[in-house]
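Structure, as structure tokens:
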Amino acid sequence: MPTWGQRRKIKDLAGHSHNNTRPFFMKQRVNRLVLCTFLSILLNFTLFYSLKAKEITEEADLNPLLAESGWADRSLKWMIESGESNHFIRPDWMDTEILEFLKNEQSLSLIQNDLLRGDGLLADALIEGFHQLRVGSDMAKKEVLELAYEGKSKLWIPLLSSPQALWPLRNYLLNIPQSYPSVLFALKDWEKKASEALPDLVMETLLKAIDVKPSKVKNLEENWEIARRLSRIGNDGRGAYFLASSYMGNEETFYNSFWEKAWEKVRKDPVLSHEYAYRLERNKKSWDVLVKAFKEALHSYEGKDFFIHYLVGRTEIRQQLKGRPLWLWEALMGKKTAFRIDFAEEAYKRFLIALEKNPKLVDFILWHLSRPAEAASEASKEALAQGLCKEEPLCNMAMEWIWEAGPKWEGELQMSSSWNLCDQTKHLSPSSLRKAYQNGQLKRSDLFAIGDVLGNYLIRSDEAWADLIYSKTGKIPVIEKFFPLLIQYSPECALAWLESLANNDQEAFEAFGRWINNQPEHKVSTEQYDLWLNKAGDQLKEAIEKRGPVLGDEAQYFIDSFVKWAMGTGWEYIINRLWFETIIPEKLRKLIKSKWLSDREGFWKWYRGICALPSAKTAIERVTNSLVAGKDMELILQGIGSWNYELADICASNWDTIWEDVEKRDYILNAIIHCDGLSELNNILVFATENTLERPEEKVIAQKIAVVSGRSPTEDIRETIAQDPVVIRSLLNHWLESPQFAEHWKRSVFLIIKYGGQAPIIAQWMLPRKEAIEIWTDSLAETMRENPFLLQAIITHISKSIGGEISWAKEVRRIEEMIMDAILSDRIFWENLLIDKTGGIENEAQKILYALP
């Protein structure tokens, strides 16, 4: 962070420009402009040919990281959607390509085949297209049916002649998933009982996921409805939908053929391919959407309240601004206009106008979500959290005073996981705990255990920390009781405040300097003040690195002096700094969260976009850890257990994660092997055995073992089992003694759970068992880290579980808020995003485009 002396007041925030150029120099300016333009063009050409991209392949266009960062499943899609008038790749370019493609005789045949295959989304697009020709809905639908059955329509030529009639087809091509055509091929071949079709169990599970009764006999319009429902699942899971999306169709489709043609056009055209590479590197979709939402939030009443608090600070009567509020005021109102609270309304209006004109202003405000903006505050919070579990004076102080910070330190604390896991707190309320402390019933070990609970809650809750600093009741902030001890017990905290004095807070720097210069011992003179602070800082850093309990003389003198100053005249400066570093970021987080809560669908689209950003890894990790700590993985398991096949299909990849861990895998397998014959787990056992016996080699092994066990050598074991599944239980343990049979049987168990619609059954079995829930939670957390897109799909579909229950909807909203809090509190993520608006996409794109390491 720049030092105070290096900082400059930001004139350009106000958008001021001063043109003092005289007419005499106009000609020279023009000549210079022409020369600069020529040199710029020459430099661009030089750079372009010195770092020439390799030929872009379609695999690069389908790269999930690059595509999803633009909120699409192929990059060309988001480039078209976001294309502006200065771009070649834009919506009207796509309309031209669609029109050219439709004029080809082959296109009608492709459309007819797709409609007959059951492409309901294409049917909807064509109906809407015909509707744009001012024909009624029934007539439009009739024409589409004629296209399907006859391969022609009397409105086809008018459709090609109307630009308005093409946008529904453009939306169809842009919005349907890349996996959608393959799923329709899989469904059609299954209905026709083709030899290469997927097994009945897989397709039946897929249809259950969209609430369709498995049946192979349907009319055309029923198939269209099935296709519409299938398109909503998405391909983030690894279940039945994933298998169907991997199905290889043997015919061309309108969707695939168009995108092949469009991609070839981009690849071969030098202008288009150059623009494609340029925009691929500079994709800032997630940042741009965030900025738009942030600006909208600032236009609200809460946004105005945030702006006023930003200016006036803690007291709301401050007449002289310092630091960043002063920079903002001067940028908006000018240097000559002194701050007055009655001018705040005008400043707010100018602030909203400046937001649209100057992107730097957004960076200026969002900076408060990054680590440097909260350096001293975060160090104090960490010092308190750590001290509560090992410093008895802090524990005693917390038992007396921390409850006065607000209701969160009563109700929300008691609901936290750390409270309910601690033996000293889980059966008590905060009030009963205080009474036990006052009566002297708590041992020293009890105090440390309770302090650990308080510290864990504090670290996880920015709002709880803010309540310690800002008293809504007008009482003295609770942090005042703790602060001196934090500086004494934590060298890291002392160093953070020293650096805050030296670099961030000129007002406090000068006040502390005046105070220490006037001390009776006269150890630090005015001339030595800067050097002394630097030396004390170096000694603190050395002590922290060596983890030594003894500090250097200058470091110890700084701590003693700073504590003494903070307990006297310096407290006003301390609390002002804490307020600005804690309350302003907290109000900013609440403002953004309020906007997200008002548009949950928009938030989840944005979340999916940031999941593709390399710089968002810490945020995704934080979200996953929050879900684990809040026991929300169990809620997802409950959703599956409530017969939500769609949610089960989305979470199917978690069974792969469990399979990879031998201990977890054996826990599930042993439960199925030793299940009671009346248990629902027996269905999984039977299905897995039947599937294993379909393999010729395993059938031979089973037949031989069955003979040894007393079965007739002429008996067909598969037919016997089909007539009497109970036979399996008498033979399975013998069969599993064969390593080859056991390997395929175990794998078959997990395939049945994953693809065969048995996930709700195993979920119901796991829910009452603590160890099983821990296996599910740990594995799902690992799965989410490997596939960050999974969470968005889960939350989108979990709300359909136990439909109609108010409590269930509340739980989903609670999870959403927790996820928002986790993202907003990840300072590293915001810091990275402010530095690189692409979120690391530029670097990843260059690796692909230029084959960089």
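The values are calculated or read from the model by the stated rules, or taken from the named source; none is laboratory data. Bear in mind the structure is a predicted one, so any value in this text is a computation, not a measurement. Please note: Cβ atoms are built from the backbone with ideal geometry, for glycine as well, and neighbour counts cover all protein chains shown.
Within the range 300-365, considering only helices (runs of 4 or more DSSP H) that don't extend past its boundaries, which have at least 1 residues that are of a type in the set (Lys, Arg) and over 18 Å from Lys590 (Cα atoms)?
Here the list reads 323-333, 344-357.
Search the range 216-234 for residues being in contact (Cβ under 8 Å) with a residue 60 or more places away in the chain and in a loop (DSSP other than H, G, I, E, B), and hand back the single one that is nearest to Phe789 (Cα to Cα).
Ranking the candidates gives Gly234 first.
Would you confirm whether or not the range 224-231 contains a residue that is modelled with pLDDT under 95 and under 30 Å from Glu84 (Cβ atoms)?
Yes, that holds for at least one residue.
For residues that are over 23 Å from Glu572 (Cα atoms) and surrounded by 11 or more Cβ atoms within 10 Å (Cβ to Cβ), tally how many sit in the range 511-524.
Of the residues in that region, 1 qualify.
Collect the residues in the range 190-203 that are assigned to a helix (DSSP H, G or I) and surrounded by fewer than 20 Cβ atoms within 10 Å (Cβ to Cβ), keeping them in residue-number order.
Listed by number, the residues that qualify are Glu191, Asp200, Leu201.
Keeping to the range 572-590, report how many residues are of a type in the set (Asp, Glu), at pLDDT 90 or above and either out of contact with any Phe, Trp or Tyr (no Cβ under 9 Å at 6 or more places or on another chain) or at positive phi (or both).
Residues meeting the conditions: 1.
Could you tell me whether Ser500 is in a helix (DSSP H, G or I) and within 36 Å of the chain's Cα centre (by Cα)?
yes
Report every pair of residues separated by at least 6 positions or lying on different chains whose Cβ atoms are under 9 Å apart, first residue within the range 612-626 and on the phi < 0 side of the Ramachandran plot, second among the hydrophobic types (A, V, I, L, M, F, W, C) and part of a loop (DSSP other than H, G, I, E, B).
Ala612/Trp71; Ala619/Leu613
For Trp532, only one of the following conditions fails: (1) farther than 18 Å from Ala375 by Cα; (2) in contact (Cβ under 8 Å) with a residue 60 or more places away in the chain; (3) in contact with an Asp or Glu (Cβ under 8 Å, 6 or more places away or on another chain). What is its number?
All conditions pass for Trp532, except number (2).
Please indicate, with yes or no, whether at least one residue in the range 238-251 is within 33 Å of the chain's Cα centre (by Cα), part of a helix (DSSP H, G or I) and under 30 Å from Met333 (Cα atoms).
No, the range 238-251 has no match at all.
Looking at this structure, is Glu59 within 15 Å of Trp259 (Cβ to Cβ), surrounded by fewer than 21 Cβ atoms within 10 Å (Cβ to Cβ) and either of a type in the set (A, V, I, L, M) or touching a residue at least 40 places away in the same chain (Cβ under 8 Å) (or both)?
no
In the range 564-592, which residue that is under 15 Å from Asp305 (Cα atoms) and among the charged types (D, E, K, R) is surrounded by the most Cβ atoms within 10 Å (Cβ to Cβ)?
Glu586
Does the range 66-110 hold any residues that are in a helix (DSSP H, G or I), surrounded by fewer than 21 Cβ atoms within 10 Å (Cβ to Cβ) and in contact with a Gly (Cβ under 9 Å, 6 or more places away or on another chain), and which are they?
Matches in the range 66-110: Glu81, Pro91, Asp92, Trp93, Leu108, Ser109.
Take the range 619-631 and flag every residue that is buried (at least 22 other Cβ atoms within 10 Å of the Cβ) and over 16 Å from the mean Cα position of the chain (by Cα).
Result: no residue meets the conditions.
Quick one: in the range 313-328, which of the residues that are hydrophobic (A, V, I, L, M, F, W, C) and more than 15 Å from Glu507 (Cβ to Cβ) is modelled with the highest pLDDT?
Leu328
Residue check: is Val266 over 20 Å from Glu191 (Cβ atoms) and not assigned by TED's automatic domain parsing to the domain that holds Trp190?
Considered against the rule, which asks whether it is over 20 Å from Glu191 (Cβ atoms) and not assigned by TED's automatic domain parsing to the domain that holds Trp190, Val266 comes out as no.
Considering only the range 329-341, I want to know if a residue exists there that is farther than 30 Å from Leu454 by Cα, crowded, with 17+ Cβ neighbours inside 10 Å, out of contact with any helix residue (DSSP H, G or I) (no Cβ under 7 Å at 6 or more places or on another chain) and at pLDDT 90 or above.
There is at least one residue in the range 329-341 that is farther than 30 Å from Leu454 by Cα, crowded, with 17+ Cβ neighbours inside 10 Å, out of contact with any helix residue (DSSP H, G or I) (no Cβ under 7 Å at 6 or more places or on another chain) and at pLDDT 90 or above.
How about the range 387-418: which of its residues are at pLDDT 85 or above and more than 17 Å from Val478 (Cα to Cα)?
Once the filter is applied, which keeps residues that are at pLDDT 85 or above and more than 17 Å from Val478 (Cα to Cα), the range 387-418 yields Cys389, Lys390, Glu391, Glu392.
Applying the selection to the range 614-646, what residues are farther than 26 Å from Ser417 by Cα and in contact with a Ser or Thr (Cβ under 6 Å, 6 or more places away or on another chain)?
Listed by number, the list holds a single entry, Asn644.
The rows are residues; the columns are (1) at pLDDT 90 or above; (2) more than 22 Å from Gly323 (Cα to Cα); (3) among the aliphatic types (A, V, I, L, M).
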site	(1), (2), (3)
Asp452	yes, yes, no
Pro491	yes, yes, no
Leu501	yes, no, yes
Arg514	yes, no, no
Gln519	no, yes, no
Lys523	no, yes, no
Asp530	yes, no, no
Lys541	yes, yes, no
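Regarding Ala543, is this residue more than 30 Å from Ile583 (Cβ to Cβ), buried (at least 19 other Cβ atoms within 10 Å of the Cβ) and among the hydrophobic types (A, V, I, L, M, F, W, C)?
In short, yes.
The rows are residues; the columns are (1) buried (at least 21 other Cβ atoms within 10 Å of the Cβ); (2) more than 22 Å from Leu578 (Cα to Cα).
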residue: Leu352; (1), (2): no, yes
residue: Arg371; (1), (2): no, no
residue: Glu374; (1), (2): yes, no
residue: Leu384; (1), (2): yes, no
residue: Trp401; (1), (2): no, no
residue: Glu404; (1), (2): no, no
residue: Met415; (1), (2): no, yes
residue: His427; (1), (2): no, yes
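When you look at Glu621, is it under 22 Å from Trp465 (Cβ atoms) and in the same structural domain as Arg785 (by TED's automatic domain parsing), yes or no?
yes
Could you check the range 547-563 and list, in sequence order, the residues that are surrounded by 12 or more Cβ atoms within 10 Å (Cβ to Cβ) and either assigned to a loop (DSSP other than H, G, I, E, B) or aromatic (Phe, Trp, Tyr) (or both)?
Matches in the range 547-563: Leu551, Gly552, Tyr557, Phe558, Phe562.
Scanning for something closer than 26 Å to Ile233 by Cβ, assigned to a helix (DSSP H, G or I), out of contact with any Pro (no Cβ under 9 Å at 6 or more places or on another chain) and touching a residue at least 12 places away in the same chain (Cβ under 8 Å), does the range 572-592 turn up at least one residue?
no
Condition first: modelled with pLDDT of 90 or more and within 24 Å of Ser461 (Cβ to Cβ). Can you find one or more residues in the range 546-564 that meet it?
no
In this structure, is Asp211 among the acidic types (Asp, Glu), surrounded by 19 or more Cβ atoms within 10 Å (Cβ to Cβ), modelled with pLDDT under 95 and assigned to a loop (DSSP other than H, G, I, E, B)?
no
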